[in-house]
1. Given the structure, is Ser319 part of a loop (DSSP other than H, G, I, E, B) and small (Gly, Ala, Ser)?
2. Suppose we filter the range 172-198 for residues that are surrounded by fewer than 17 Cβ atoms within 10 Å (Cβ to Cβ), over 25 Å from the mean Cα position of the chain (by Cα) and not in a strand (DSSP E or B); how many remain?
3. Just to verify a result, which residue in the range 223-242, among those that are in a helix (DSSP H, G or I) and out of contact with any Leu (no Cβ under 9 Å at 6 or more places or on another chain), is surrounded by the fewest Cβ atoms within 10 Å (Cβ to Cβ)?
4. Where residues in the range 199-208 are in contact with a Phe, Trp or Tyr (Cβ under 9 Å, 6 or more places away or on another chain) and open to solvent by 30 Å² or more (accessible area, probe 1.4 Å), which of them is nearest to Leu327 (Cα to Cα)?
5. Out of Asp192, Asp162, Asp125, I need the residue that is acidic (Asp, Glu) and more than 30 Å from Gln337 (Cα to Cα). Which one?
6. Would you call Lys168 more than 25 Å from Leu106 (Cβ to Cβ) and either in contact (Cβ under 8 Å) with a residue 60 or more places away in the chain or in contact with a strand residue (DSSP E or B) (Cβ under 7 Å, 6 or more places away or on another chain) (or both)?
7. Could you check the range 137-162 and list, in sequence order, the residues that are under 10 Å from Thr195 (Cβ atoms), open to solvent by less than 30 Å² (accessible area, probe 1.4 Å) and assigned to a helix (DSSP H, G or I)?
8. For residues in the range 36-62 being among the β-branched types (Val, Ile, Thr), open to solvent by 10 Å² or more (accessible area, probe 1.4 Å) and at pLDDT 95 or above, which is nearest to Tyr80 (Cα to Cα)?
Amino acid sequence: MRNITMAAATGLAAMVLSGTAGAGQILDAVKSRGNLICGVGTGTAGFMLADSQGKWVGLDVDVCRAVAATIFGDAEKVKYVPLTSQQRFTALQSGEVDMLSNNTTLTLTRDTALGLDFTAVTYYDGQGFMVPKKLGVKSAKELDGATVCVAPGTTTELNLADYFRANKMNFKPVVIEKADEIRAAFFSGRCDVYTTDSSALAAVRVANVPAPLTQDDFVILPEIISKEPLAPAVRHGDNQFADIVRWTQYAMVEAEENGITSKNVDEMLKSDNPTIKRILGVTPGMGKALGVDEKWVYNIIKQVGNYGESFDRNVGMGSPLKIDRGLNNLWTKGGLQYAPPIR
C-alpha cells in the first residue's frame, strides 16, 4: 500500500512541476510586448464593434480593456483582432491572440479537447430564432421545412440540428461564416430564419436592419433552445494569466455588488468598510496574490466601470439595445452573476 501511495505522490509531483514549468509564459509575453492582443468577433452591436472612428466598443471589448487595466494599469493597451467563429480557436491555439472575448460558449469539449481554459462567465445567454413578421410564425415549433441561416463551427449549428431532430422537423441550413454576410442573406430573403444567441439577435434587430425595412418587420420567437454561458478563453499553460482574466471579471461583479462605480471610486478609497478597502487595494495583499499592482481593481473600475455599468452602457437600458439584465443580474437581484470574495 505504501509503495502505491508513494508512486501516486511521485506522479502527482511530476504533474505539478510540469504544469508550473510553463507558468507565466503568456503573461510574460504580454508584458514584454506592452499590450494585450484580444480576439473579438467580426462585429455585433453592443458586444464588439468598431465605431465610426475605428474604436472598438462593447461588452466583450470592455472585458479586454479591463484585463489590460489589471496588467498595465491602462485599459487602452489592447490590440483587437476580429475573428470569425471558424478562425477563433486556431488563432488562440497558435498564439496569434492572447485571449478570446467574443461571445464564445463554454462547453465541455471546448474546455478540454481544444487545449483552452475558460474563465468567468461574462454573459448568460441562450439560442433563439428571428423571422420576418410577414411569415406569420409565432413559435419555433412552426418552422418545419424552413431555410435557416447559421454560422459554422458554433454551438448554434449543433443546437439547431438537435432541436429540429428532437421536434421531428426538417430544415435546410444556409451556412455562412461571416456575421455581416449572414445578416445580408437573412434580410435579402435567402433564408426564412436567422438563429444565433438571443442577445445577438436583439442586437441585429436594432442595429442592422437595412432600410426601408425596420426592426418592427422582424420578430424574435419566444423559444430559447439552449444554455449559452459566454466566457473569455485563454490557452492552457499559464495559470497566472488565466487567473488574471478570471478575477478581472469577478472584480467588476464584486465592485457592483459593493456599490463601487467609476463615478465614486475615488471617494470609496476613503471607506472604512474592510471589504471595500481590500477590493480597492487600500488594504494591500490582493494585488500581490494575483501578481499585479495593488490598485488593479481601482484601475478597472476607474477606466472601464463595474459590471453593471458596462452592461448598461453597451447592451442594457442605457444602450439602443435595451436588453433586460435577466440572468445577468447580480445574484442578490435574482440573477446568476456571482463573484467569489476578493479576500
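1. Details: part of a loop (DSSP other than H, G, I, E, B): yes; small (Gly, Ala, Ser): yes.
For Ser319, the condition - part of a loop (DSSP other than H, G, I, E, B) and small (Gly, Ala, Ser) - is met.
2. 4
3. Step one: list which residues in the range 223-242 are in a helix (DSSP H, G or I), which gives 239-242.
Then keep just the ones that are out of contact with any Leu (no Cβ under 9 Å at 6 or more places or on another chain); that gives 239, 242.
Numbers: Asn239: 17, Ala242: 23.
Looking at residues that are in a helix (DSSP H, G or I) and out of contact with any Leu (no Cβ under 9 Å at 6 or more places or on another chain), I get Asn239.
4. Filtering the range 199-208 for residues in contact with a Phe, Trp or Tyr (Cβ under 9 Å, 6 or more places away or on another chain) gives 199-201, 203-205, 208.
Applying the additional criterion that residues be open to solvent by 30 Å² or more (accessible area, probe 1.4 Å) yields 205, 208.
Numbers: Arg205: 21, Asn208: 25 Å.
In this case the residue turns out to be Arg205.
5. Working: Asp162 fails: more than 30 Å from Gln337 (Cα to Cα); Asp125 fails: more than 30 Å from Gln337 (Cα to Cα).
None of the other options fit; the residue is Asp192.
6. Numbers: more than 25 Å from Leu106 (Cβ to Cβ): yes; either in contact (Cβ under 8 Å) with a residue 60 or more places away in the chain or in contact with a strand residue (DSSP E or B) (Cβ under 7 Å, 6 or more places away or on another chain) (or both): no.
No; evaluated as a whole, the condition is false for this residue.
7. Selection gives Ala140, Thr156, Leu160.
8. Within the range 36-62, the first condition is being among the β-branched types (Val, Ile, Thr), and the residues that meet it are 37, 40, 42, 44, 57, 61.
Filter once more, so that each one left must be open to solvent by 10 Å² or more (accessible area, probe 1.4 Å): 37, 42, 44, 57.
The next check asks that each one be at pLDDT 95 or above; those that pass are 37, 57.
Working: Ile37: 6, Val57: 10 Å.
Filtering the range 36-62 for residues that are among the β-branched types (Val, Ile, Thr), open to solvent by 10 Å² or more (accessible area, probe 1.4 Å) and at pLDDT 95 or above, the one nearest to Tyr80 (Cα to Cα) comes out as Ile37.
The values are calculated or read from the model by the stated rules, or taken from the named source; none is laboratory data. All figures in this text were calculated on a predicted structure; none of them were measured in a lab. Backbone-built Cβ (ideal geometry, glycine too); neighbour counts: all protein chains shown. Surface areas here come from the heavy atoms of the whole protein model, side chains and all, with no ligands, DNA or RNA. Shrake-Rupley method; radii C 1.70, N 1.55, O 1.52, S 1.80 Å.
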